[in-house]
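What follows is one structure encoded as structure tokens, with my remarks underneath.
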Amino acid sequence: MSCGVIGEFISLSSQFSRAGKQWRHREIRLITDRVFNRIKNQSGRADLSFEDLYITVLLVYNDINKHLPGPHFDPPSKDQVRALIQECDLNLDGEIDYDEFVTFIRRLTTDTFAVVSQGLILTLVVAPTVAMATKKATEGVPGVGKVVQKIPNSIYASLVTLAIVWFQNSRQDLD
């Protein structure tokens, strides 16, 4: 590999990392806005009590598990939520306002999004490489090799990637 190709790869990796962070913050914000407003409207108060907040955490984790690829994430315990409230309740009123809630959810979901991101990156990087390796390996296999070689690389890589994602999801369902 030339230095130019390596430099381009590093630049692209950096761009993907920034885009991933922006996407993650946007997704967190959409989920937190929707859930915070739902609970606020139901309770009729501007700030969330511990009970409201714990219900909100359960709803956020439900949304994360429904809408984001990767493993299922268990919500934190009530004790973990209480400890995090103490860190995020900046005005010390015992309730969480909207800005405190956004900080609370970011801290709460940092590890969750890291696991999702790692799994997604691994799948998106490894799967096409595996696809091209398997396609190359089938060249000499009678019957199969000719069929596989006729499939365009982009379609073959997409099919293998989908198969890997399906396999990952089915393994998680068994756990």
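The values are calculated or read from the model by the stated rules, or taken from the named source; none is laboratory data. Fair warning: this is a prediction, and the values are worked out from it, not measured in the lab. Neighbour counts run over all protein chains shown; Cβ positions are idealised from the backbone, glycine included. Please note that ligands, DNA and RNA were not included when accessible areas were found on the heavy atoms of the full protein model with its side chains. Shrake-Rupley method; radii C 1.70, N 1.55, O 1.52, S 1.80 Å.
Give the residues of segment 49-98 that are among the polar types (S, T, N, Q) and in contact (Cβ under 8 Å) with a residue 24 or more places away in the chain, sorted by residue number.
Ser49, Thr56
Answer yes or no as to whether Val102 is at pLDDT below 80 and either in a helix (DSSP H, G or I) or basic (Lys, Arg) (or both).
no
From the list Arg82, Arg34, Arg26, Arg18, which one is open to solvent by 70 Å² or more (accessible area, probe 1.4 Å), modelled with pLDDT under 70 and either assigned to a helix (DSSP H, G or I) or closer than 30 Å to Leu162 by Cα (or both)?
From the options Arg82, Arg34, Arg26, Arg18, the qualifying one is Arg18.
From Thr56, Thr110, which residue is open to solvent by less than 50 Å² (accessible area, probe 1.4 Å), at pLDDT below 85 and polar (S, T, N, Q)?
Unique residue meeting the criteria: Thr56.
Anything in segment 35-87 that is more than 14 Å from the chain's Cα centre (by Cα) and basic (Lys, Arg)? List them, or say none.
Arg38, Lys40, Arg45, Lys78, Arg82
Does Gly145 count as part of a loop (DSSP other than H, G, I, E, B), over 30 Å from Arg29 (Cα atoms) and modelled with pLDDT of 80 or more?
It is false that Gly145 is part of a loop (DSSP other than H, G, I, E, B), over 30 Å from Arg29 (Cα atoms) and modelled with pLDDT of 80 or more.
Would you confirm, using the coordinates I've provided, whether Asn91 is open to solvent by 50 Å² or more (accessible area, probe 1.4 Å) and closer than 29 Å to Trp166 by Cα?
No.
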